[in-house]
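Visitor: Structure in C-alpha cells, see below.
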Amino acid sequence: MSDVSFEARVRAVGLRVAADELPKLQAIVADLDRAAQTVRGQRSYAEEPLSAFRLKPVT
Amino acid sequence: MTKEEFGAVLDRAGLKLSDAQKTELFSVYPLLQAMVARAHPEMPREAEMSIMFNAEVK
Amino acid sequence: MTGFLTIAEAASQIAAKKLSPVELTKTCLDRVKTLDSKLNSFLLVTEERAMADAKAAEARMMSGSLKGKLDGIPIGHKDIYNTAGIRTTAHSKLLENNVPTEDSVVVQKWADAGTVLMGKLATHEFAIGGPSFDLPWPPARNPWNPDHFTAGSSSGTGAAVAAGLVLGGTGSDTGGSIRGPSALCGLAGIKPTYGLCSRRGVLPLSNTLDHTGPMTWTVEDCALMLQAMAGHDPLDPGSANRPVADMTAGLGKGVKGLRIGVIRHFYEEDNPVSPATRKGIEGAIDFFRKSGAEVVDVKVSPMMDYNAAGWVILSAEAYTIHEPWFKTRFNDYGELMRDRLALAATLSASDYVQATRRRRELCLEMKAAMADLDLIITASAPGEAPKITEVPKWLMLQKPNFTMAFNVTGLPALSVCSGYGEGGLPVSLQIVGKPFQEATVFQAGHAYETAHDWRSKRPALAA
C-alpha cells in the first residue's frame, strides 16, 4: 500500500491524524492488515459465520 | 470522500477496476452512503446486534 | 397438450390412478420444448432423470405405495441449489462447469417426497445480478409478455411455473427474490420464517438474510411444497430447532376473527404503487373485512429504513463471500453483479455492525406492531413487470422495495396475485405473518385467492 493511499484511506474514514502520528499509525495498521490476512485463510464460499441471526417463535 | 480517496479504498480492497468503472461507482456512492447513514441512527452505546454469538457451536 | 393442473389437482388424480406421472412429465417436457426458447427459464433440462423419476412414481402409484401429494409432480430447482451429479452454475461463468457431489438438503427432501426433477432454472447471477445479457446464458423472460422482466433473482422459477413448464419450483429470497418474481409472474411464492427451511447446499448470498422457499401457481400448492421442505437441519447454523406445523391446517377455514394490519404508508408514500396494484390491495382489504376479519392500519418506520439496514448487511455479507473471486476473477462476473457488489468494498466494519444493531431495533419495532395482530398486508411489488431492457442498474439504491423489510425481520411473507394491470400483466399483494405462523399466512392467502378468479387465467403464450 502506498503512502498516498494510506493517507487517502485515513481521510476516507473520517479520521484526522497529525502528520507526525501517521507513520506510527501506518505501522499499526500494517500489523492489523497482516492479522486480518491470516484470519481470512482459504475457505469455501459456503462456510457460515459463527454469529447467527435468531428469531424467537411467537409466544 | 473524494474520488481519489474512493479509488484508494477500492484499490486497497484488491479490486482491479478501470477508471470508467470507478467513475460509475463513485457516481452512485452517495446513494450507498445515504443508506449507511440511515442504518446509523442514534443508538445507545449498549445497543445489541441482531446476530448472536453462541458458544454452543453447531 | 393437456390443460394446466395445480399440484393439488394432479396429486388428487394421481392418487385416484386417473393421471399418469409419466404422461404428466411428458406434457411438461413438451411444453419446455415448445416454449422455453422464448422464455429461457431452464439452464439445463434433465429429461432422462425426469423420465426415470416419473416412471418410479408411476410404479409406486400402481402398487399403492405413493409417498404423498408431491409424488410424481414435475418440479425445477433454481440453479443455486446443489444437485448431485447435475451442473449447478448460479447462472455464472465462474461456476460454468461446477458439478456438485451432494444434493442440497431441500433438493433431497423434495426428491424423497417423490418429485420429478425436470432441470435447473435460471437465476440472476449468484442471486443478485440481473437481468444480465453478458452471462453464458440469457436472462429468463416473463411468459405474460417476453419483452418484460420476470424480476429476480428466482427468475427462471417465476417464468417456468407461470408457463406451466413445471408445477412448482424452488426459489431463494435474500431481499425479495422469491416474492419479486412471484409478483411479476403472477404466482404464489412464500419466503418462510428465517430458520424454517435449511439453506445447506444452496449457494449463499447473505448468511443472515438468505431464505429458501417454494414458488407455485396457487397458495394451496405453496403450502404443500413448503411442508416438504421445512424442518430442522442441525448442520445449518441458522436453522430453527422446532417442530414443523401443518401448513395446510388453515386452508378452507376463512379469515373470520383474524386481526389484520395494513402498512399503508409503504405503498402510498414510501414507494407509491400503480393504480392496479393499489386497487388489488384495497379489494383485498374489503374482502377480508367482509369475510369477518378485523382490519386496522399500522405504521412502522419508513420502508427505506428497512431497506438501508438490509442492503448494508446484504452487501457486506455477500462481498465477504465473493471477495476471493472479486480479487482474482472480477471481470468474469456479469456487469450488474460485479458493480453492485464492488461498492461494498467501501463499507467499514462499523457500517456493518451498526446495520445489525439497527436491524435489531427494526425487528423489535415490527414485533410490537404485530403484537395484537395475526397478519400484515402490504404491496409486494410496485406494479406490473417493466420491460426487461428498462430495469435500472441501481434501482435497489434508488427506491425501497416492499420485500426487504421481511428479510430484515425474518417474518414469513407470501406474495399472491391480486389481478391484472393495464398491460395485461399480473399485479400482487403481500401477506405477512408472525414467526413460524406460515399456516395462518396460507389460510388468509387461500381464502383470498379462492374467492377471486385470478387463477383461471394463464399467460396467452402458454395457453
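Bear in mind that the values in this text are calculations on the coordinates, not laboratory data. Just so it is clear, the structure is predicted and the values come from calculations on it, not from any experiment. When we count neighbours, we look across all protein chains shown, and the Cβ atoms used for this are built from the backbone with ideal geometry, even at glycine.
Visitor: Report whether or not C:A345 is surrounded by fewer than 23 Cβ atoms within 10 Å (Cβ to Cβ), closer than 26 Å to B:H40 by Cβ and over 22 Å from the mean Cα position of the chain (by Cα). Don't jump to the end; show me each part of the working.
Guide: Values: surrounded by fewer than 23 Cβ atoms within 10 Å (Cβ to Cβ): yes; closer than 26 Å to B:H40 by Cβ: yes; over 22 Å from the mean Cα position of the chain (by Cα): yes.
Criteria met by C:A345.
Visitor: Restricting to segment C:1-46, and then to whatever is without any contact (Cβ under 8 Å) to a residue 40 or more places away in the chain and of a type in the set (D, E), can you tell me which residue is nearest to C:P74 (Cα to Cα)?
Guide: The extreme case among them is C:E23.
Visitor: For segment B:16-56, which residues satisfy the criterion of being part of a loop (DSSP other than H, G, I, E, B) and facing chain C (nearest Cβ under 8 Å)? Spell out the reasoning first.
Guide: Of segment B:16-56, the ones part of a loop (DSSP other than H, G, I, E, B) are B:16-18, B:39-50, B:53-56.
Matches in segment B:16-56: B:K16, B:L17, B:A39, B:H40, B:P41, B:M43, B:A47, B:E48, B:M49, B:S50.
Visitor: Also, I was wondering about something else. Which residue is nearest to the other protein chains (Cβ to nearest Cβ), if the candidates are limited to segment C:198-241 and must be among the hydrophobic types (A, V, I, L, M, F, W, C) and either touching a His at 6+ places or on another chain (Cβ under 7 Å) or free of Cβ contacts under 8 Å to residues at least 12 places away in the same chain (or both)?
Guide: Kept after step one, since they are among the hydrophobic types (A, V, I, L, M, F, W, C), are these residues of segment C:198-241: C:202-203, C:205, C:209, C:215, C:217, C:219, C:222-226, C:228-230, C:235, C:240.
The next check asks that each one be either touching a His at 6+ places or on another chain (Cβ under 7 Å) or free of Cβ contacts under 8 Å to residues at least 12 places away in the same chain (or both); those that pass are C:219, C:240.
On the way: C:V219: 21, C:A240: 7 Å.
Among them, the one singled out is C:A240.
For every residue, the table says whether it meets (1) touching an Asp or Glu at 6+ places or on another chain (Cβ under 9 Å); (2) within 11 Å of another protein chain (Cβ to nearest Cβ).
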| site | (1), (2) |
| --- | --- |
| C:R357 | yes, yes |
| C:C363 | no, yes |
| C:K367 | no, yes |
| C:A371 | no, yes |
| C:I376 | no, no |
| C:A385 | no, no |
| C:T389 | yes, no |
| C:K393 | yes, yes |
| C:M396 | no, yes |
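Visitor: Given the conditions (1) surrounded by fewer than 24 Cβ atoms within 10 Å (Cβ to Cβ); (2) within 14 Å of the chain's Cα centre (by Cα), report the number of the one that C:D221 does not fulfil.
Guide: (1)
Visitor: Scan segment C:19-27 and tell me whether some residue there is more than 18 Å from C:G114 (Cβ to Cβ) and either in a helix (DSSP H, G or I) or under 26 Å from the mean Cα position of the chain (by Cα) (or both). Give the derivation first.
Guide: The initial filter retains those residues of segment C:19-27 that are more than 18 Å from C:G114 (Cβ to Cβ), namely none.
No, there is no match, as no residue in segment C:19-27 is more than 18 Å from C:G114 (Cβ to Cβ) and either in a helix (DSSP H, G or I) or under 26 Å from the mean Cα position of the chain (by Cα) (or both).
Visitor: Keeping to segment A:5-46, report how many residues are out of contact with any helix residue (DSSP H, G or I) (no Cβ under 9 Å at 6 or more places or on another chain), away from chain B (no Cβ under 13 Å) and assigned to a loop (DSSP other than H, G, I, E, B).
Guide: 3
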